[in-house]
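**Q** One structure, as structure tokens, below. Some questions next.
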Amino acid sequence: MGFRVAVVGATGLVGQQVLRVLEERRFPVEELRPLATSRSAGRTVEFGGTTWEVGEATAGALAGVDFAFFAASGDVSKELAPVAARAGAVVIDKSNTFRMDPEVPLVVPEVNGHALARHRNLIASPNCSTIQLVVALKPILDRFGLEQVVVSTYQAVSGTGAAALDELEAEVRAGVEGRVHGPQVYPQPIAFNVLPHCDRFEAEGYTLEEWKLVRETRKILEQPGLAVTATAVRVPVRVGHSEAVWLRTREEATVDDLRSALQAAPGVVVVDDPGAGAYPTPLQVAGRDEVYVGRLRHDPAVPRAFWLWIVADNLRKGAATNAVQIAEALVAAGAPSRH
Ligand code: 2RA
């Protein structure tokens, strides 16, 4: 007894992680439908010890599925996610397309799982850099309130996709002279460099990535007036987003209070003993599903202000694992019905 599960974008970095996470967490898949755009259809993926041919993502290919994980481009989600949802599938979409739609729950299960109760077959999974931020902010919000959050991110190139990983590798191997000729993912070399530029530039000099952090954080935490601001930076790291977060609480608190709240929070691991060289790093957390927090300290210049250092695997908790956890939460609540 299980579910008919489609993975749209099955050949991409996130789509392949979805398949790995479904396997690792023994999600009850009775029938798998790996799908992709026509450009990638016909390739194969591994799942459950079997090689599967990837089909083309069409409305017909999605007919009759129970869960449809969308891990492709926003255009694919825009075209096919509503079609699949209307046909009865529970759609869990990792793209930005529907995240700010008031009718669509934007969910991190351990933060706002209650929002799933109002889903109408379409659920958005937040941006990777948002997910790790709200997992760490939630226990602090609940105990001490939040007045202000300032985030600087240090984002891995895998967040941009497989071509970006290739670009980094090429430049590291051959020096920046090895910068690929022809269409390039980044406007400047990413090796031995950092770029204050994730996604496109939008209003008021902020990038879309920075606006996602602001808007999604407010929606997920149900804090529409929360003062949040961000700078999103791309760094020469393969996997794992890091974030330096400065925050002000509403209530008085100590660093130990914050540490206790974080240690008790679901999905959070505190690694915080700088004297012993213990703090989270991308290399340490790659492949794991928790959100790692360290470098806790207060800001002596500002009352009730603190610093955190937050690191998570952007392909797993930042995308694939969060999506599968959403499906698990729905199964635990009894929907959809198994076959
Ligand atoms: C990035 N968060 O890192 C965006 C999309 N994955 O590029």
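**Q** Extending each Cα 7 Å along its Cβ direction at His197 and Thr51, get the distance between those two points in nm, one decimal.
**A** 4.1 nm
**Q** Contour minus end-to-end for Asp256 and Glu30, with contour as 0.36 nm per residue of separation and end-to-end as the Cα-Cα distance?
**A** Extra length from Asp256 to Glu30 when fully extended: 76.7 nm.
**Q** Which whole-Hz ³J(HN,Hα) couplings does the range 94-103 yield from phi under the Karplus relation 6.51 cos²θ - 1.76 cosθ + 1.60, θ = phi - 60°, glycine and proline marked x?
**A** 8, 7, 7, 4, 10, 4, 9, 6, x, 7
**Q** Regarding the chain, what's the average projected area of the Cα-atom convex hull, expressed in nm²?
**A** 18.2 nm²
**Q** Hey, got a sec? Which chymotrypsin sites (Phe, Trp or Tyr not before Pro) in the range 192-234 land in a DSSP loop and have at most 12 other Cβ atoms within 10 Å?
**A** The qualifying sites are Phe192.
**Q** Select from Pro196, Pro183, Pro34 the residue whose mean-square fluctuation is largest in a Gaussian network model of the chain (Cα-Cα springs shorter than 10 Å).
**A** Pro183
**Q** While we're here: Which one of Gln17, Ala59, Ala6 is farthest out on the positive end of the charge dipole of the range 1-75, using unit charges on Cβ (Lys, Arg +1; Asp, Glu -1) and the Cα centre as origin?
**A** So the residue furthest toward the plus end is Gln17.
**Q** Looking at the chain as a GNM with Cα springs under 10 Å, which of Asn127, Asn193, Asn112 has the largest mean-square fluctuation?
**A** Fluctuation is largest for Asn193.
**Q** Determine the percent antiparallel among the DSSP beta bridges restricted to the chain, to the nearest 5.
**A** 45 percent
**Q** Related question: Within the range 21-117, which trypsin sites (Lys or Arg not before Pro) sit in a loop by DSSP and count at most 16 neighbouring Cβ atoms inside 10 Å?
**A** Loop-located and lightly packed - Arg25, Arg26, Arg39, Arg43.
**Q** Between the helical axis of 162-174 and the dominant principal axis of the chain, each derived from Cα atoms, what acute angle in degrees is found, rounded to the nearest 10?
**A** Helix 162-174 sits roughly 60 degrees off the main axis of the chain.
**Q** Could you pull out the longest piece of the chain with no exposed loop GluC sites (Glu not before Pro) in it, calling a site exposed if DSSP puts it outside H, G, I, E, B and it has at most 14 other Cβ atoms within 10 Å?
**A** Maximal segment without exposed cleavage sites: 1-102.
**Q** Where in the range 7-22 does the label zone of Ala87 land, with the point 7 angstrom along Cα→C-beta and an amide N cut-off under 16 Å?
**A** Counting backbone N atoms under 16 Å from the label point, the list is 7-10.
**Q** Hey, another quick one. Calculate the spin-label point distance for Thr229 paired with Glu177, positioning each point 7 Å from the Cα along the beta-carbon direction, and give it in nanometres.
**A** 4.3 nm
Every read-out reported here was derived from the displayed coordinates using simple, explicitly stated rules and does not represent laboratory data. Keep in mind that what you see is a predicted model, and the values were worked out from it rather than measured. Cβ atoms come from the backbone with ideal geometry, glycine included; neighbour counts cover every protein chain shown.
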